[in-house]
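Structure first, commentary second.
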Amino acid sequence: NLVAVMGLKFNGRLIPQSAHVRFNGLDRARVLFNGRVVWQRIPDYLYNAGDQITEWTGGWQQKDTYMAHNDYWFGNTPGAVSGLNGQLTINADNMKAYMPYDGQLYQGVLVSTVKQIDLTHISGLTAIFTASEMWGGGYASMGVTQSFENKYQPISATGGVCSRISFNTAGPHSVTLDTTQLTGLYFVCFTTCVDNGAKLSTYLQNIKVS
């Protein structure tokens with residue numbers, strides 16, 4: 001028997017959101033009980049070629065800080081070490097991050113889910129992106145955090161974790177974050193950044209869930 005009590009149970013076993021529920025031979029993305037959604041399968045993507053998967057993410061937005069290449073928060077707060085936020089453009093089929101060359105030593109763009117996402121049954125997140133206008137190359141981070149900080153401090157101070165790569169070609173490139181040890185609610189975020197006064201444009205194609 002299927003039982004809906006703060007989730008979905010089958011024969012007394014709680015069905016995780018990473019599982020598949022089939023009814024009449026068809027795979028179902030959600031289960032309703034008395035008109036209320038009690039179970040919803042984790043999507044294959046959190047962003048995919050323009051689709052922001054808003055039912056899960058709440059949409060995507062740029063924050064006034066970013067995860068720098070040294071695992072610190074860089075923001076616009078004046079201080080000994082601070083970064084300048086680049087420009088985000090949400091296009092029909094990608095999210096473009098642009099960091100112009102304007103004499104700033106550090107620049108970056110962080111895009112984040114509007115809503116927090118439960119990572120308990122998610123084992124990994126992989127971002128695919130391409131790049132152009134590379135004056136000196138750049139860095140990309142796939143990350144999660146419980147909050148954001150607009151001052152220079154370790155991302156771990158906000159519950160942040162990220163995986164990072166460096167690149168100097170157009171790509172496509174991928175960066176994967178292992179989330180198997182994480183449980184509970186996190187904002188999911190993707191960052192590209194530069195240092196040494198470089199210039200860069202990146203184009204986020206998708207974020208795959210595993």
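The values are calculated or read from the model by the stated rules, or taken from the named source; none is laboratory data. Since this is a predicted model, take the numbers as computed values, not measurements. Cβ: placed from backbone, ideal geometry, glycine included. Neighbour counts: every protein chain shown. Side chains are part of the model used for accessible areas, which takes the heavy atoms of the whole protein and leaves out ligands, DNA and RNA. Shrake-Rupley method; radii C 1.70, N 1.55, O 1.52, S 1.80 Å.
Descriptive notes on the structure:
- Cross-chain or 6+ apart pairs with Cβ under 6 Å, the stretch 86-97 first and modelled with pLDDT of 95 or more, then open to solvent by 50 Å² or more (accessible area, probe 1.4 Å) and not in a strand (DSSP E or B): 93/49
- Candidates are the residues of the stretch 110-125 that are open to solvent by less than 10 Å² (accessible area, probe 1.4 Å) and out of contact with any Cys (no Cβ under 9 Å at 6 or more places or on another chain); the one that is nearest to residue 69 (Cα to Cα) is 125.
- The residues on offer are 175, 209, and the sole one that is in contact with a Leu (Cβ under 7 Å, 6 or more places away or on another chain) and on the phi < 0 side of the Ramachandran plot is 209.
- Residue that is most open to solvent (accessible area, probe 1.4 Å) [pool: residues in the stretch 126-142 that are modelled with pLDDT of 90 or more, under 11 Å from residue 165 (Cβ atoms) and not aliphatic (A, V, I, L, M)]: 139
- Which listed residue, of 147, 210, is closer than 21 Å to residue 52 by Cα, at pLDDT 95 or above, surrounded by fewer than 24 Cβ atoms within 10 Å (Cβ to Cβ) and more than 12 Å from the chain's Cα centre (by Cα): 147
- Residue in the stretch 54-69 that is most open to solvent (accessible area, probe 1.4 Å), counting only those that are part of a helix (DSSP H, G or I) and modelled with pLDDT of 95 or more: 54
- The single residue among 182, 177, 204 that is in a loop (DSSP other than H, G, I, E, B) and modelled with pLDDT of 95 or more turns out to be 182.
- Checking residue 191 against (1) in a strand (DSSP E or B); (2) more than 11 Å from residue 127 (Cα to Cα), the condition it does not meet: (2)
- Condition check for residue 159: surrounded by fewer than 18 Cβ atoms within 10 Å (Cβ to Cβ), under 19 Å from residue 74 (Cβ atoms), of a type in the set (Gly, Ala, Ser) and modelled with pLDDT of 95 or more: yes
- For residue 176, the requirement of being buried (at least 22 other Cβ atoms within 10 Å of the Cβ), in contact (Cβ under 8 Å) with a residue 40 or more places away in the chain and under 12 Å from the mean Cα position of the chain (by Cα) is not met.
- Close Cβ contacts (under 8 Å, 6 or more residues apart or on different chains) running from residues in the stretch 60-71 that are more than 17 Å from residue 89 (Cβ to Cβ) to residues that are assigned to a loop (DSSP other than H, G, I, E, B) and of a type in the set (A, V, I, L, M, F, W, C) comprise 65/148.
- Filter pass, residue 134 being in contact with a Cys (Cβ under 7 Å, 6 or more places away or on another chain) and among the aliphatic types (A, V, I, L, M): no
- Looking only at the stretch 87-108, and only at residues there that are out of contact with any Ser or Thr (no Cβ under 6 Å at 6 or more places or on another chain), assigned to a strand (DSSP E or B) and aliphatic (A, V, I, L, M), the one that is surrounded by the most Cβ atoms within 10 Å (Cβ to Cβ): 99
- Residues located in the stretch 179-194, provided they are open to solvent by 30 Å² or more (accessible area, probe 1.4 Å) and either touching a residue at least 12 places away in the same chain (Cβ under 8 Å) or of a type in the set (Gly, Ala, Ser) (or both): 180, 183, 185, 187
- Among the residues making up the stretch 153-174, a single one is part of a loop (DSSP other than H, G, I, E, B) and β-branched (Val, Ile, Thr): 169.
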